[in-house]
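Novice: The following block contains the structure, expressed as structure tokens.
The values are calculated or read from the model by the stated rules, or taken from the named source; none is laboratory data. Since we're looking at a predicted model, the values are computed, not measured. Here Cβ is always computed from backbone atoms with ideal geometry, including for glycine, and neighbour counts include all displayed protein chains.
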Amino acid sequence: MSMEQVNVNIGLLGCGTVGTSLLELLYEQREAILQRTGLEIDVTKVSVRDLSKSRNVPIEQSLFTDDPKQVVESAEVDVVIEVMGGIDPSRELISKALELGKSVVTANKELLAAHGEELYALAEQSGVDLLFEAAVAGAIPIIRPLRESLVGEPITRIMGIVNGTTNFILTKMSDEGMPYAEALEEAQKLGYAESDPTADVEGHDAAAKAAIIASLAFGGRVSSSDVYVEGITEITPEDLQFAHRLGHCIKLLAIAEKQDSNGEESLCVRVHPSMVPLSHPLANVQESFNAIFVEGDSVGDLMFYGRGAGGQPTASAVLGDLIDASCNIKRSSSASIGEFRSIRISPVADLETRYFLEVEVDDRPGVLAQVAAVLGEHNVSIQSMEQEGLESEARLIFITHKALESDFQAAIDALDELQIVRSIGTVLRVIGID
Ligand SMILES: NC(=O)c1ccc[n+]([C@@H]2O[C@H](COP(=O)([O-])OP(=O)(O)OC[C@H]3O[C@@H](n4cnc5c(N)ncnc54)[C@H](OP(=O)(O)O)[C@@H]3O)[C@@H](O)[C@H]2O)c1
């Protein structure tokens, strides 16, 4: 029996890094896609901002427009691919496409983290697809596993290295002892970091991805404003050396974790530099690679690893979604994302975790006892301690047992008041293998 052939016309909003790679991949794979799926995919419109830019893409110049509405509204476009980024005008354009009954594939984490719920609802109402595998961790299939394979799994925690730029910087600082500014400069030279690196190094890019992952994993409404964020700009090569000596590395983790406070379920969603035991699989994720570690009651531990960005890897994820959406058109069906319930987001003050704490103190007898007493008074107990003599002062390094964040922060404030404390150094949350 020969496979029924169906022609699907697509329109692209944007033809930059991802759009160009997508067109190359699509034309390279066109025959193979037709043979495997019966889909004949044609590009019928592409919108860009600047029509005069020269573009090395395998499509005719006449298909380009600088009016993105023409892509969305064209009767010759069945599926809209949004790879232009930003919230406006992408939000309005995607909404319009969905209202017109067109499936949409997007790589736009920023938009979905802020307005995902309204767009998912529009897709549901129109009975079309809104697919976004490329929005989180580029080429790594994590959205589809969360939407489909793991939809019945009682997930307890997800931790991800979802920003390649910061992972590259931390790897350079750790392996080569480079200061932060030098590692950032190298990342910019190699094209891993933008000229304005704020969104990456301050953790906002990872926070958008954390919100999307948390919504899907826990079926709750989470937006980027619910995510507690700390970046990596304060981390020093010395911190990384200390971490290593204590059997840990430092990674910028996006974490979404289920909590149960007095029978009430809540979610803590956060992005911050974390000390990760060297024996944990996430500790081996180096350079600009990404990984997402999923912990579930039934499934146990799973790790998804690969290239989190770059034109070609991201285009691969977009193409997978495009074929999926096109197959659904062929079958007259669509993928449902289901309904997100409202879920309590717990403040970071309610978090219970272990901490790494560095304190510089006067080098005289009785100092350690005073510091330990203050920690104890605030319900923070010490798991391990190291002491190092400096010139006229000493450095104390603690790893604590699990403590409540609000207690720990109160302990830090109290330590800062002690006369023998010269300064509070690095403070990091420590991820346990538990
Ligand atoms: N690059 C990656 O590695 C990567 C990875 C994962 C996800 N993503 C996501 O993929 C999306 C695209 O990223 P990219 O790196 O391909 O971006 P990019 O290289 O900057 O390309 C953006 C494209 O959109 C067009 N465009 C931008 N604003 C526009 C506007 N207001 N009106 C009309 N056209 C507009 C630009 O036109 P001109 O060409 O004329 O300037 C360009 O063709 C973003 O949401 C990004 O977060 C990217």
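Novice: Which condition from (1) over 30 Å from Asn9 (Cα atoms); (2) part of a helix (DSSP H, G or I); (3) not charged (D, E, K, R) is the one that Leu319 breaks?
Specialist: Exception for Leu319: condition (1).
Novice: Exactly one condition in (1) among the β-branched types (Val, Ile, Thr); (2) assigned to a strand (DSSP E or B); (3) within 16 Å of the ligand (Cβ to nearest atom) is not met by Thr353; state its number.
Specialist: (3)
Novice: Right, next: Test of understanding: among Ser149, Ser195, Ser224, which residue is farther than 30 Å from Gln241 by Cα, within 16 Å of the ligand (Cβ to nearest atom) and out of contact with any strand residue (DSSP E or B) (no Cβ under 9 Å at 6 or more places or on another chain)?
Specialist: Only one candidate passes the filter, namely Ser224.
Novice: Still on this structure, please answer the following. Hey, any hits in region 136-144 for a residue that's basic (Lys, Arg) and at pLDDT 95 or above?
Specialist: Yes - at least one qualifying residue is present in region 136-144.
Novice: Quick one: which residue in Ala211, Ala187 is outside any loop (DSSP other than H, G, I, E, B), farther than 22 Å from Leu351 by Cα and touching a helix residue (DSSP H, G or I) at 6+ places or on another chain (Cβ under 7 Å)? Break it down into steps so the answer makes sense when it comes.
Specialist: Working: Ala211 fails: farther than 22 Å from Leu351 by Cα.
When all the criteria are applied, what remains is Ala187.
Novice: Report every pair of residues separated by at least 6 positions or lying on different chains whose Cβ atoms are under 6 Å apart, first residue within region 11-32 and within 11 Å of the ligand (Cβ to nearest atom), second part of a loop (DSSP other than H, G, I, E, B) and of a type in the set (Gly, Ala, Ser).
Specialist: Listed pairs, sorted by first residue: Val18/Ala107.
Novice: I've got another one for you. Given the criteria away from the ligand (no atom under 11 Å from the Cβ) and touching a strand residue (DSSP E or B) at 6+ places or on another chain (Cβ under 9 Å), does Glu124 qualify?
Specialist: yes
Novice: All but one of (1) in a strand (DSSP E or B); (2) under 15 Å from Ala134 (Cβ atoms); (3) among the β-branched types (Val, Ile, Thr) hold for Thr44; which doesn't?
Specialist: The number of the failed condition is (2).
Novice: Follow-up. So which residues in region 1-38 are part of a loop (DSSP other than H, G, I, E, B) and under 19 Å from Gly86 (Cα atoms), if there are any at all?
Specialist: Hits for region 1-38 are Gly14, Cys15, Gly16.
Novice: Same structure, new question: Answer yes or no: is there a residue in region 209-217 that is out of contact with any Gly (no Cβ under 6 Å at 6 or more places or on another chain), buried (at least 24 other Cβ atoms within 10 Å of the Cβ) and without any contact (Cβ under 8 Å) to a residue 60 or more places away in the chain.
Specialist: Yes, because at least one residue in region 209-217 is out of contact with any Gly (no Cβ under 6 Å at 6 or more places or on another chain), buried (at least 24 other Cβ atoms within 10 Å of the Cβ) and without any contact (Cβ under 8 Å) to a residue 60 or more places away in the chain.
Novice: Tell me, yes or no, whether region 296-318 has at least one residue that is more than 30 Å from Ala187 (Cβ to Cβ), aliphatic (A, V, I, L, M), away from the ligand (no atom under 16 Å from the Cβ) and surrounded by fewer than 18 Cβ atoms within 10 Å (Cβ to Cβ).
Specialist: Yes, that holds for at least one residue.
Novice: If only one of Ala137, Ala123, Ala114 is touching a Ser or Thr at 6+ places or on another chain (Cβ under 7 Å) and surrounded by 17 or more Cβ atoms within 10 Å (Cβ to Cβ), which one is it?
Specialist: None of the other options fit; the residue is Ala114.
Novice: If you take the residues in region 356-386 that are hydrophobic (A, V, I, L, M, F, W, C) and either in contact with a His (Cβ under 9 Å, 6 or more places away or on another chain) or part of a strand (DSSP E or B) (or both), which one is surrounded by the most Cβ atoms within 10 Å (Cβ to Cβ)? Please lay out each step first, then the result.
Specialist: Of the residues in region 356-386, the ones hydrophobic (A, V, I, L, M, F, W, C) are 356-357, 359, 361, 367-369, 371-375, 380, 382, 385.
Filter once more, keeping what is either in contact with a His (Cβ under 9 Å, 6 or more places away or on another chain) or part of a strand (DSSP E or B) (or both): 356-357, 359, 361, 380, 382, 385.
Details: Phe356: 23, Leu357: 24, Val359: 26, Val361: 22, Val380: 23, Ile382: 15, Met385: 14.
Going through the qualifying residues, I end up with Val359.
Novice: Could you tell me whether Arg91 is near the ligand (Cβ under 9 Å from one of its atoms), among the basic types (Lys, Arg) and either outside the structural domain of Ala114 (by TED's automatic domain parsing) or more than 19 Å from Glu133 (Cβ to Cβ) (or both)?
Specialist: no
Novice: Here are some conditions: (1) surrounded by fewer than 18 Cβ atoms within 10 Å (Cβ to Cβ); (2) under 27 Å from Ile142 (Cα atoms); (3) within 10 Å of the ligand (Cβ to nearest atom). Asp50 meets all but one. Which one does it not meet?
Specialist: (2)
Novice: Please find, among Glu265, Glu257, Glu234, Glu194, the residue that is acidic (Asp, Glu) and either part of a helix (DSSP H, G or I) or surrounded by 18 or more Cβ atoms within 10 Å (Cβ to Cβ) (or both). So that I can check it myself, show each step before the final result.
Specialist: Details: Glu265 fails: either part of a helix (DSSP H, G or I) or surrounded by 18 or more Cβ atoms within 10 Å (Cβ to Cβ) (or both); Glu234 fails: either part of a helix (DSSP H, G or I) or surrounded by 18 or more Cβ atoms within 10 Å (Cβ to Cβ) (or both); Glu194 fails: either part of a helix (DSSP H, G or I) or surrounded by 18 or more Cβ atoms within 10 Å (Cβ to Cβ) (or both).
Selected residue: Glu257, the only one of Glu265, Glu257, Glu234, Glu194 that is acidic (Asp, Glu) and either part of a helix (DSSP H, G or I) or surrounded by 18 or more Cβ atoms within 10 Å (Cβ to Cβ) (or both).
Novice: Given the residues Ala214, Ala243, which is the only one that is under 19 Å from Ile155 (Cβ atoms) and touching a strand residue (DSSP E or B) at 6+ places or on another chain (Cβ under 7 Å)?
Specialist: Ala214
Results for (1) at pLDDT 95 or above; (2) under 21 Å from Glu352 (Cα atoms), shown as yes or no for each residue.
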site: Gly220; (1), (2): no, no
site: Val229; (1), (2): yes, yes
site: Ala243; (1), (2): no, yes
site: Asp260; (1), (2): no, yes
site: Gly263; (1), (2): no, yes
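Novice: Let me ask something else. Is it fair to say Ala199 is in a helix (DSSP H, G or I) and among the small types (Gly, Ala, Ser)?
Specialist: Spelling it out, Ala199 is indeed in a helix (DSSP H, G or I) and among the small types (Gly, Ala, Ser).
Novice: In region 94-114, what count of residues is obtained for those that are within 13 Å of the ligand (Cβ to nearest atom) and assigned to a helix (DSSP H, G or I)?
Specialist: So the answer is 7.
Novice: State all residues of region 171-184 that are free of Cβ contacts under 8 Å to residues at least 12 places away in the same chain and part of a loop (DSSP other than H, G, I, E, B); if no residue qualifies, say none.
Specialist: none
Novice: Select from region 58-86 the residues that are surrounded by 20 or more Cβ atoms within 10 Å (Cβ to Cβ), within 12 Å of the ligand (Cβ to nearest atom) and either among the β-branched types (Val, Ile, Thr) or not in a loop (DSSP other than H, G, I, E, B) (or both) and list them in ascending order.
Specialist: Pro68, Val71, Val72, Ile81, Glu82, Val83
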